[in-house]
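Q: Dumping the structure here so I can ask a few things about it.
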């Protein structure tokens, strides 16, 4: 899917370039799926060259900013919090009722918090685990700490904002009637594309495709009977 997105951008770029330079010949797009995915891992190469750091598995934790992780509440709700700036971390410490965390020398800067992330994350995780999500959310909102509940698909389906945005559309399907799917992204003003359908059935377009190759209905029926198509 990532390669597909890059492919779409590449086609749009090539078309725009051709239109701006009349007479320009078409472009061949060279797109590797591995390189498209690697493009999402921007910091790794410079980390390795400049710091000799080889990134390892870190779960949901960000390795270059702290705190930035997911924490579980007492009622088993996961919450993502990014409080890596000094000002935001002070507000998080205030929300936790532990302003001394922000005053500790080892947590005074982002670099220090990254170096001491295990102890820091442990303290934050304990605070989350001691109370239900509603209490956590109220306190974080009060102290203006950015956070988000980690939504399950059930939460997404029931979310008023997603419903208002019509983020889930219905795709017609010959076997199931219709099925839910993500909406078309992005959207354009003044243009509302029709919802696509689910994929075609096996051989659904055989007559059309083989017809363009000069194969008539009788020959196609014979090929079908012999199990060729």
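Taken together, the values in this text are just the output of simple stated rules run on the coordinates, not laboratory data. Predicted model only: the values in this text are computed from it and were never measured. Reconstructed Cβ throughout: ideal geometry from the backbone, glycine too, with neighbour counts over all protein chains shown.
Q: In degrees, nearest 10, range 0 to 90: what is the angle between the Cα axis of helix 2-20 and the longest Cα principal axis of the chain?
A: Rounded to the nearest ten degrees, it is 70.
Q: For the stretch 152-192, what is the relative contact order in percent, using Cα pairs closer than 8 Å and at least 6 residues apart in sequence?
A: 26
Q: Need the C-alpha centroid separation for the stretch 174-202 versus the stretch 61-135, integer Å.
A: 41
Q: Using only DSSP helix segments of four residues or longer, with each worth -39500 (n - 2.57), what per-residue ellipticity at 222 nm results for the chain after dividing by its residue count and rounding to 500?
A: Per the formula, -12500 deg cm²/dmol.
Q: In what sequence do 39, 115 fall when counting other Cβ within 10 Å, fewest first?
A: 39, 115
Q: Starting from the eigenvalues of the Cα gyration tensor, five times each then square-rooted, give me the equivalent ellipsoid semi-axes of the stretch 136-229, largest first, whole Å.
A: Largest first, the stretch 136-229 gives 48, 16, 11 Å.
Q: Separate question: When only Cα pairs under 8 Å and 6 or more residues apart are kept, what is the percent relative contact order across the chain?
A: 13
Q: While we're here: With N denoting the number of residues in the stretch 68-150, provide Rg(C-alpha) divided by 2.2 N^0.38 Å, to two decimal places.
A: Against the compact-globule rule of thumb, the ratio is 0.99.
Q: Also, quick follow-up: Connecting C-alpha atoms closer than 10 Å in a GNM of the chain, tell me which of 93, 163, 111 has the biggest fluctuation.
A: 163
Q: Here is a follow-up. Work the Kirkwood hydrodynamic radius out for the chain: mean of 1/r over every pair of different alpha-carbon atoms, inverted, in Å.
A: Its Kirkwood hydrodynamic radius stands at 23.4 Å.
Q: Okay, moving on. What residue among 110, 69, 206 has the largest mean-square fluctuation in a Gaussian network model of the chain, using Cα springs under 10 Å?
A: 206
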